[in-house]
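To start, the structure under review is shown below, and the notes come after it.
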Ligand SMILES: Nc1ncnc2c1ncn2[C@@H]1O[C@H](COP(=O)(O)OP(=O)(O)OP(=O)(O)O)[C@@H](O)[C@H]1O
Ligand code: SF4
Ligand SMILES: [Mg+2]
């Protein structure tokens, strides 16, 4: 087991390097001088020269690449051009809020999505299944920013049940602040996780070993949860990974609508302000999160499926 | 005659919508006495699996349903029983082994957990006692060094070993009836013989009645005293093994036996009868074997032959060979 994890972690190093290289190339090689992109067409030649000097854009490409890797591994992305703070500080200040939001949304998505999917599968083509089908259609169809705005208008501005913006200080007020943003993100997750649960559970419930469990005298409840769901979790764990990753894009809209700090909002602001070092760091962080989440999901897979564990 | 352990009467199973049902099991009668071993033989698609699954009401519903009939076990009507009550008989009174050893065990549970579950569902035993019982069962079914295999998963066993584990699960609660649906079909020949020996062994030790399903008459002759021949959802002949081999009455049975000169032959195989099994539900009237029968008469196309007796425990449904109309005594 430990050996497998070790090998798997080693395996992900080339992936990370590849991703970093792509980010690097995307920022340097693609048409357009970054200096001009950041400073604008009408910038003074001296300003441009200083910019190129400051960011090492005059160095040969391989040296720039090594510097870039060095920066990434020391988490040193330089200073923001707009906000007077090191990029790493900006990331460190914002990332926790996005992580918090992701965890809250995933918890809601899993706690409600899995039971909904189980209900839909067990009561296939009956009322609960049809109700869930409508719910998941709505969950898929309504965009994050729209749902967020509706919730904000109704429950914060209208009824005053939830704060309008910010993140809160103590635990209770943090939960109070995060409720609506997390719920906004969780709608899609519930629909997605629920559907996935329904599909994989239905598939598993037709398997021979489920018939064996029934023939032993297991209750329907035991058949569904002990034998069915446990096996349905295998495909589900991949889906959960995808669902976590979709939060990254979803967080952009939600953090803007609810005026919350976070990595999505930081990145959007950086893009509009052409804050080049922040954009670069943001993309690297997103890429690393993708790789790490994939790695974690693989490890979940191993924990659930003994067939992989032993080899 | 003693009271039967299992008595199935006029069982009918249908597939598809209620408005246009396809009948795949047609008025099947089946009786197994305590400690007796009975076989069901027939070509693929003749309804052996559906019949055996019906007994514990394990037929997938939908698309199929038990349309009519009676299934009695020790005098209790299994079809009238609420599912919650039937559940307590599954695995305890009647246990089942399936054809597919590779897929019939749960891939994410250890062997100990799966055998232990069969015990736990019907008996109150402490953890240590349960483990001891699991080891005892593994030893009974001939798994070497059982203590070291407790934490193993199904994929770490060969097909034959998995079928042994299935048998251990099935006999965990000393059932009175063991239903085995083609338990050896997926295994290669030497392993087949071992598994059959194991079943005979288990039967001797636990005095379990056996309902053995196979398309291989040789396999059935090895284990059973009596055999039912099924064709297109009908039981066409029901006889003691010896009587069936020596004096087959139904033309289909004779076809099955054509390649089998005697009981002593090691593994008589199915003789290839010309034509193919009719599509389920396609026969609306007359004898289901009509299209392939070389003894057919006019009446065969019009009316389904009734069972007629041909000896102490020998009945067959055929117009051509019937001696006298019979009332089957139960
Ligand atoms: N899911 C299904 N939908 C429709 N018809 C089915 C279904 N499953 C089985 N049948 C029909 O029921 C009939 C009996 O099938 P059954 O599986 O009992 O045959 P069998 O004798 O066990 O054959 P085999 O030797 O292949 O296992 C077949 O004619 C088949 O066409
Ligand atoms: S009843 Fe007629 S068709 Fe059917 S098996 Fe007998 S002779 Fe053949
Ligand atoms: Mg079958």
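Readers should treat all values here as calculations from the given coordinates under stated rules, not as data from a laboratory. What you see is a predicted model; the values in this text were computed from it and never measured. Virtual Cβ from ideal backbone geometry, glycine too; neighbours counted across all protein chains shown.
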Seminar exercise, completed: Computed over the protein assembly as shown, the distribution of all Cα-Cα distances in 20 Å bins, rounded to whole %, is 16, 35, 25, 17, 7, 1
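Please compute the average number of Cβ atoms from other chains found within 10 Å of each residue's Cβ in peptide B:104-111.
Details: counts 8, 3, 12, 8, 10, 7, 1, 0.
Per residue, the number of nearby Cβ atoms from other chains is 6 on average.
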For this session: Return one number: the angle in degrees, 0 to 90 and rounded to the nearest 10, between the long axis of the Cα atoms of helix A:2-28 and the longest principal axis of the Cα atoms of chain A.
Result: 40
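Given the -39500 (n - 2.57) contribution per DSSP H run of 4+ residues, what per-residue ellipticity at 222 nm results for chain A, rounded to the nearest 500 deg cm²/dmol?
-25000 deg cm²/dmol
For every helix of n ≥ 4 consecutive DSSP H residues, a contribution of -39,500 (n - 2.57) applies; sum these over chain B, divide by its total residues, and give [θ] at 222 nm rounded to the nearest 500 deg cm²/dmol. Present the calculation step by step, with values, prior to reporting the outcome.
On the way: 11 runs with 99 residues, N = 330.
Rounded to the nearest 500, the figure is -8500 deg cm²/dmol.
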Exercise. In a solvent-free Debye calculation with one equal scatterer on each Cα, what is log10 I(q)/I(0) for region A:165-311 at q = 0.18, 0.19 Å⁻¹, listed in the order of the q values?
Worked result: -1.09, -1.14
For this session: Going by C-beta contacts inside 10 Å, put A:161, A:62 in order with the fewest on the left.
Result: A:62, A:161
Seminar exercise, completed: So for chain A, using the alpha carbon gyration tensor with a ≥ b ≥ c as root eigenvalues (a/c under 1.5 gives rounded; past that, a/b versus b/c decides prolate or oblate), I'd call it oblate
For this session: Could you state the angle between the C-alpha long axis of helix A:276-304 and the longest principal axis of the C-alpha atoms of chain A, as a value from 0 to 90 degrees rounded to the nearest 10?
Result: 20
Exercise. Simple spin-label model, 7 Å along Cα-to-Cβ: residue B:193 to residue A:202 in nm?
Worked result: 4.8
For this session: On each of the three principal axes of the Cα atoms of region A:235-303, give max minus min coordinate, whole Å, ordered largest first.
Result: 44, 25, 13
Problem set entry | Kirkwood Rh in Å, taken over all unlike Cα pairs in region B:89-193 | 13.7
For this session: Take peptides B:21-27, B:146-152 and line them up by average Cβ neighbours within 10 Å, highest first, as a rough protection proxy.
Result: B:21-27, B:146-152
Exercise. What Rg and what Dmax come out for region B:198-256 when only alpha-carbon atoms are used, in angstroms?
Worked result: 12.4, 38
Exercise. Contour minus end-to-end for residue A:18 and residue A:141, with contour as 0.36 nm per residue of separation and end-to-end as the Cα-Cα distance?
Worked result: 40.8 nm
Problem set entry | Estimated FRET transfer efficiency (residue A:65, residue A:225; beta-carbon r; R0 45 Å; 0.05) | 0.30
Exercise. Between region B:237-256 and region A:149-165, how many Å separate their Cα centres?
Worked result: 81
Problem set entry | Tensor-based shape of region A:160-199 (alpha-carbon gyration tensor, a/c under 1.5 rounded, otherwise prolate or oblate) | prolate
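Hey, what did chain B get for relative contact order, percent, Cα under 8 Å, at least 6 apart?
Here the relative contact order equals 19 percent.
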Seminar exercise, completed: Within the set A:21, A:98, A:197, GNM on chain A using Cα springs under 10 Å gives the largest fluctuation to A:21
Problem set entry | Cα-based Rg / Dmax (Å) for region A:1-104 | 17.6, 59
Exercise. How many nm is it between the label spots at residue A:52 and residue B:83, if each spot is 7 Å from the Cα in line with the beta carbon?
Worked result: 7.6
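Tell me, what is the FRET efficiency for residue B:320 and residue B:123 to the nearest 0.05, using R0 = 45 angstrom and their Cβ-Cβ distance as r? It would help to have the intermediate numbers written out before the result.
Values: r = 53 Å, r/R0 = 1.17.
It comes out at approximately 0.30.
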Exercise. Relative to the longest principal axis of chain B, what angle (0 to 90°, nearest 10) does the C-alpha long axis of helix B:159-171 take?
Worked result: 90
Exercise. Considering the alpha-carbon set of region B:1-120 alone, what are its Rg and its Dmax in angstrom?
Worked result: 15.6, 47
For this session: Express in whole angstrom the spacing between the alpha-carbon centres of region B:1-25 and region A:242-296.
Result: 62
Exercise. Residue A:27 to residue A:7: FRET efficiency via 1/(1 + (r/R0)^6), r the Cβ-Cβ distance, R0 30 Å, to the nearest 0.05?
Worked result: 0.40
For this session: Would you kindly calculate the mean projected area, averaged across all directions, of the convex hull enclosing the Cα atoms of chain B, in square nanometres?
Result: 17.4
